[in-house]
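Accompanying notes for the structure given below.
The values are calculated or read from the model by the stated rules, or taken from the named source; none is laboratory data. As the structure is a prediction and not an experimental result, all values here were calculated from the model. Because the Cβ atoms are built from the backbone with ideal geometry, glycine has one as well, and the counts that use them run over all protein chains shown. Remember, those area values only see protein heavy atoms, side chains included, never the ligands or the DNA or RNA. Shrake-Rupley method; radii C 1.70, N 1.55, O 1.52, S 1.80 Å.
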Amino acid sequence: MPLRDARRVLRGWRRTRPFWGGLLLILGGAELLIIPLSPLTVLVSLGLGGIAAIGIGIALMVAGLFLWLLPHAHHYVSVNALILSVLSFAATNLGGFLIGMILGIAGSAMGFGWTPVADDDRDAAGRPRLREGQGTRTLAVLLPVVLAGTALWGAAPAKAAPGDGEIVAARTPPTITTTLFAPKGFIVAGVRDIPTADGPMKVMVLRMNAASLTDYRLTTRDGSRELSLGAETLDLSGKVTLYLTKFKGCIQGILCLTFTPDRLPVPPLVPPFVFITQVSAEQALVTSDSIVAGGLRLEARA
């Protein structure tokens, strides 16, 4: 019975990769792609929104194919697909009138939470039993709910923590550059004013559990001399808080953006395993329980 054998082969192939996550990404990308090509020209007359919908739609469909063909890279592909799905709400026609965005977020969550079947379990008869680590799939399904909730909370200005008002920042924020910024538990906590010698300064507040920076360099001026502090590696851990007046970098080394206190990223909750390259920022203040530097050097120039 060839049809039965084909179904068995298809079932075995499907169980070795995040099939349903890839399928949802392909469907979400197709929905984003179809809308600007449909006759609803009045509804989608949003300038570059139609072009962005075509680009993001194709990218989501390619991400779905990658989940099928390269299942070992499902974490990296899912994070990038999640970023594109969320961005589609602002860059396209409301994320394909929410349908394409929701399909993309759900597919990314399922792809990220997928757990491969052990080799000696693939030929077992009956339904696949609960595997160790499968709980991460449940957490991944909840990720869209977390994103939706934090999108409303993160836009509000952050309130000062007790005792924060006693910290006075520098008049001119030092310039920070790093080739790689890898945060853990990264949350955009909003906007607030911090005191300086010249009065309050509006900053973005970024909180995280830990962060590692590569090729770190801080440049500031003390009177007429320029001071430069560099380190090959810089590791921050324990209630890390950054107060920035400007942040510029490339998310996953691909999507390059610039953020200021008047232009915050959406959503406020950054997906896990994200990294940012070619970072340039103006840092008013930083607090952390622990800072460990490797290859530290200090320079002074007139």
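Below are the figures for this structure:
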quantity	calculated
For region 175-301, the fraction of alpha-carbon pairs in successive 10 Å shells from zero, as %	13, 45, 35, 8, 0
Label-point gap, in nm, between Thr175 and Arg14 - each point 7 angstrom along Cα→Cβ	5.6
Distance between modelled label sites at Cys250 and Leu296, nm, 7 Å Cα→Cβ extension	3.1
Largest-first ordering by accessible area, 1.4 Å probe, given options Lys246, Lys184, Lys202, Lys239	Lys239, Lys184, Lys202, Lys246
With DNA, RNA and ligands ignored, accessible area of Asp235 (1.4 Å probe; Å², nearest 10)	70
Phi to ³J(HN,Hα) by Karplus 6.51 cos²θ - 1.76 cosθ + 1.60 over region 189-200, Hz, x for Gly, Pro	8, x, 10, 8, 9, 10, x, 10, 5, 9, x, x
Distant-in-sequence amide H partners of Glu226 (H built 1.01 Å from N, under 5 Å)	Arg301, Ala302
Unit charges on C-beta of K, R, D, E only; dipole of region 175-301, Debye	180
Calculated from backbone phi, Karplus (6.51, -1.76, 1.60) coupling profile of region 244-250 in Hz, x at Gly/Pro	10, 9, 7, 9, 9, x, 10
